[in-house]
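First comes the structure, then the notes that go with it.
All of the numbers you see were taken from the coordinates with simple rules; none came from a lab. This is a predicted model, so every value here is computed, not measured.
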Amino acid sequence: MEPTPPPAQLLAGTCLAFHPVPQQRRRADGWTPIMQQCFIRALEAMGSVGQAARAVGMGRRSAYRLRDRPGAESFAQAWDRAISMGRMRQFDYAMDRAINGITTVRVLRGGAVDVTGGPDMDIVHSALREDAAPLKATKDSF
């Protein structure tokens with residue numbers, strides 16, 4: 001049995017600290033411990049597995065395969081915490097834009113400038129779609 005790898009140093013002391021998934025073989029372009037840490041950080045920032053995987057130059061399916069490997073329990077727990085934090089961050093961002101609105105500046109023909117303000121409804125609708133399933137489940141459970 002392989003010894004447990006040391007905790008990820010980039011995330012040491014945070015709630016996202018984890019033990020990297022042991023590598024099956026050494027590859028410079030693979031899921032190295034540093035790549036795993038960067039992925040967890042990206043997941044925490046973006047709240048999306050696909051976007052986080054692309055941000056570190058890997059694929060979404062590859063990330064899920066890594067999560068399913070033997071010895072990935074600590075990584076999977078960090079993943080769950082990171083995605084939860086990322087989704088909350090995106091929801092907060094959407095609500096800020098809904099409450100405070102956005103400013104749109106358009107330059108029209110002839111050099112006229114049109115400045116409008118108001119909520120960014122695309123991001124509001126996106127946030128509401130993301131959270132609709134948990135809200136419905138909670139409502140039905142009463």
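Side notes on the structure shown:
- In plain terms, the chain from residue 84 to residue 65 could stretch by 4.9 nm, reckoned as 0.36 nm per residue minus the Cα-Cα distance.
- Over region 18-82 - Rg/Rh using Cα atoms and the Kirkwood inverse-distance radius: 0.91
- Evaluating 6.51 cos²θ - 1.76 cosθ + 1.60 at θ = phi - 60° for every residue in region 47-52, the Karplus couplings come out as x, 9, 4, x, 5, 5 Hz, glycine and proline recorded as x.
- Per-residue Karplus couplings for region 70-78, computed as 6.51 cos²θ - 1.76 cosθ + 1.60 with θ equal to phi - 60°, are listed in order as x, x, 9, 4, 5, 4, 5, 5, 5 Hz, Gly and Pro entered as x.
- 5 angstrom amide H check on residue 102, placed H, neighbours 5+ away: 118, 120
- Approximate shape of region 33-140 as ellipsoid semi-axes (Cα gyration tensor, √5λ), whole Å, largest first: 35, 20, 10
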